[in-house]
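Report on one structure; see the data block that follows.
Throughout, read-outs are computed from the coordinates displayed, never taken from laboratory work. Since the model is a prediction, treat every value here as computed from it, not as a measurement. Quick reminder, even Gly has a Cβ in these numbers, built from the backbone with ideal geometry, and neighbours come from all protein chains shown.
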Amino acid sequence: MSSRPYDALTPDTMLNAMDAAGFRTDGAFLALNSYENRVYQFALEDDEPVIAKFYRPNRWSDAAISEEHAFIRELCEAELPCAAPIERDGTTLFKHADFRYAVFQREAGRVPNVEDPAVLRILGHALGRMHAVGAAQPFRHRRRMSVAEFGNDSAEFLLASSFIADELRDAYRAVAMQLIERIAPVFEALPDAIRIHGDCHLGNLLWRYDAPNFVDFDDAMTGPPMQDLWMLLAGEREDRARQLDTLVTAYEDFHDFDARQTRLIEPLRTLRIMHHAAWIGRRWQDPAFPAAFPTFAETRYWSNHILALKEQLSALDEPPLPL
């Protein structure tokens, strides 16, 4: 896989791709905030602007992308607001000049105010409905969240790289291995997993008309339902406990919630921290990444990263949030 896969995605290539899929642009486009893929807003001659996502080459199979699109369609059919891919000539996955891409209606909105209990109740209802759909059938081609991939593979990649300074390598190895040893049994004790959004942070929720609009299902996977809830929690422990109770109470109006899932909150946070660092490292030759994460190759980044992992060791000692 090329380390600079988007070098060939020129403006002419993108405009020709849009034309090939039947979208008549007026030549104007705007780059949107995205690193893993390339996402642009295109103005159309005779319609509202649309959003095109050019998938990172060789990351997902066609079958995996098709499952992403099919899951979004199921959610839309269940009347759950989602940014759905537009279909043309019987397909939602288009190909042009070695790039695969999808086109979405532009959705407007703002970040939801999770400090408002009423907003949390609506989010809980929406996630309960999403997971009811997600539990109806499995993914067959998309990945399953695991400690092996998000924890072990991340640590092994970074230790084999030159990113971590020599004087910090042993400290990183020690804390990473301790965390993996602590987290693995928790996942083994909770094997149930369903189709989930996978990256349900506030940036992927657009609030409008008193409802959330879910966007960017690029990381849709088989995983624990808690993965779609924990990133909505913020503040001190008492605040997070209150928020979780509000979320789950509303969630259970549409889908059962296993209270043991609360044991996964800090393990999931830990895996996200570990995986995020490895993700940056794996993409470092892509020019977008040094520009977005300028301190990644510096010793201070890794000192702070190791400190964050040590804090997670302490967090794992705390009892789960009560329900």
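Quick notes on this structure:
- Residues 236, 311, arranged from fewest to most other Cβ atoms within 10 angstrom of their Cβ, appear as 236, 311.
- Protection proxy ranking of 263-270, 152-159, 241-248 - average other beta-carbon atoms within 10 Å, highest first: 263-270, 241-248, 152-159
- Note on the chain: helix-only mean residue ellipticity at 222 nm, from DSSP H runs of 4+ residues weighted -39500 (n - 2.57) and normalised by residue number, equals -13500 deg cm²/dmol.
- FRET efficiency estimate (nearest 0.05) - Cβ-Cβ, residue 209 to residue 41, R0 22 angstrom: 0.55
- For the range 224-299 versus the range 130-158, the inter-centroid distance based on Cα atoms is 14 Å.
- Share of alpha-carbon pairs per 20 Å distance bin for the chain, given as whole %: 29, 58, 12
- The Cα atoms of the range 11-105 define a convex hull whose projected area, averaged across directions, is 6.2 nm².
- Environment charge of residue 270, counting only residues whose C-beta is closer than 15 Å and scoring Lys/Arg +1, Asp/Glu -1: -2
- Computed over the Cα atoms of the range 109-260, the ratio of the radius of gyration to the Kirkwood radius (Rg/Rh) comes to 1.02.
- Sequence-separation-based contact order of the chain, relative, with Cα cut under 8 Å and 6+ spacing, percent: 20 percent
- Cα gyration tensor of the range 167-323 - equivalent ellipsoid semi-axes, whole Å, descending: 28, 21, 15
- Calculated on alpha-carbon atoms, Rg and Dmax of the range 66-173 in Å: 20.0, 57
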